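*Asks:* One structure follows; several queries about it will come next.
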Amino acid sequence: MSSQKKCPDCGSLEIVEDSHYAQNQLVCADCGFILTEGLLTTTYADEEHLQEVTYSRSTGQNEQTSRCVQRGVKRVRDLCKVLRLPSLFEDTAVSYYQQAIKRPCFSLVSLEKKEMLVGCCVFVTCRQHNWPLTMGTVCLLLYGDKELFAKTYLRFLKELALDVPTLSLMDMVKTHLNSFKIFQNSPSVPTKFVEEKEQLVARTIQMVELASDTWLVTGRHPIPIVTAAAFLAWQSFRPVDRLTCTLSQFCKLAGMDAPRPAHQRLKELHNILLQMASQLGWLRVLKVDRRSVAKYIGDLLRHRRVLLQAAFRIVDTTEDRDLENSAAAPLQLIDESAATVEEASLSGEKQKFSKRKPLLPPCVLNPAKRLRTPELSLEDSAITGDEPILDSEIEQYIRTPEEKEMFSKAQACL
């Protein structure tokens, strides 16, 4: 404390040194009046010779963090704590946010888009460190729109020129199933619907691998496929109690919204399972349909490779058999009765095999409908563009002097 100086405002002798923004100031302890402002050296041009300048004239004042950035950094740290991310992830996400918020495309936007920017920073950090996290989880925590998050995410990657590796589908299965609420008893989940987590995750991964082998994953959003695979895996463990449960009811029990394409993915998985079940001899006797095929998922997955190869081989062998028969027919002389029986048996086999669709991508089996172009009339189809100009229309092609002048000026500008 300095007793030699006196406050010019209140006359108090209680003058103390206060450290503010890394500088010392003389402040009155009674009224708070600042007697002398601290001096520091920064990067101004007149500081090249180590001349001291006041803080109000220094560059340190311009480096103060705005409240918007402070709130954003706090939101980033809070989201990392909710996800229980390591401190390294938190620092990286904060660094990304501080870089992005300086760009005009993110600084002058709505609060909702800035909130999505917070999620993008955390999401990109997790992806770069191979930490399983989905966009749906981030949007759920931020109560944000998925479409807006996707647009902000793409713009964020473009502005910062970041390279984000793709997330493994199997890691996404584990992450997505962690949010399910069917792994422990609760008032909303009856005991017969509760399933062991590790067991369900393992079978769901097998179902997703089957979907990947049969072209159901390529070029599609993974969450609907994972949801449909988890539903079938969940049904297969206790089919007696769970076959009557629908996909919508399962999603409600799991505490999640059913994705729109999940029902279509479920239908495609059912078709694959039925085609595989037709290759097992002891299942041909039973009437296996979409409702009952979940009972035999364990056996079908156990012999997945063999059954898929057999399903592919059916198409190849039938085509080869047709080629062999067509090539050998003119070379062989057989009785009319034997030929009639053979033709009948072959036609029956053709009808049997034609009911089974080959394992091809869905875009090949069910191509998108194309818009039909209107057919041209005979008069329109006869027009080639080389027809002579009629005398009644010749005036439309002649430029006036004003038009010629405007055209010459436009050419000169170009």
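Bear in mind that the values in this text are calculations on the coordinates, not laboratory data. Because the structure is predicted, anything quoted here is derived from the model rather than measured. Here the Cβ positions follow ideal geometry from the backbone for every residue, glycine too, while neighbour counts run over all protein chains shown.
*Asks:* Using the basic label-point model (7 angstrom from Cα toward the beta carbon), what is the S186 to L243 distance in nanometres?
*Replies:* For S186 paired with L243, the spin-label model returns 2.9 nm.
*Asks:* Using the reciprocal of the averaged 1/r over all distinct C-alpha pairs, how large is the Kirkwood radius of the stretch 93-175 in Å?
*Replies:* 12.9
*Asks:* For Q25, which sequence-distant residues (separation of 5 or more, or a different chain) have an amide H within less than 5 Å of its own amide H, given hydrogens modelled in the peptide plane?
*Replies:* Amide H to amide H, under 5 Å and 5 or more residues apart or across chains, Q25 pairs with D18, S19, H20.
*Asks:* Moving on to the next point. Working only with C-alpha atoms, what are the Rg and Dmax values of the stretch 176-281, expressed in angstrom?
*Replies:* 13.5, 43
*Asks:* Determine which lysines satisfy two conditions relative to K102: a Cα distance under 17 Å, and not lying fewer than 8 residues away in the same chain.
*Replies:* K74, K113, K114, K158
*Asks:* Right, next: Post the alpha-carbon centroid distance, the stretch 189-211 to the stretch 99-152, in whole angstrom.
*Replies:* Taking the Cα centre of the stretch 99-152 as reference, the centre of the stretch 189-211 is 30 Å away.
*Asks:* Also, quick follow-up: Rank by packing, highest mean first: peptides 91-99, 217-225, with packing defined as the count of other Cβ atoms within 10 Å averaged across residues.
*Replies:* 91-99, 217-225
*Asks:* Pull out a ≥ b ≥ c, the square roots of the eigenvalues of the alpha-carbon gyration tensor of the stretch 134-208, then state rounded if a/c is under 1.5, prolate if not and a/b is larger than b/c, and oblate in the remaining case.
*Replies:* Since a/c reaches 1.5 but b/c is at least a/b, the shape of the stretch 134-208 is classed as oblate.
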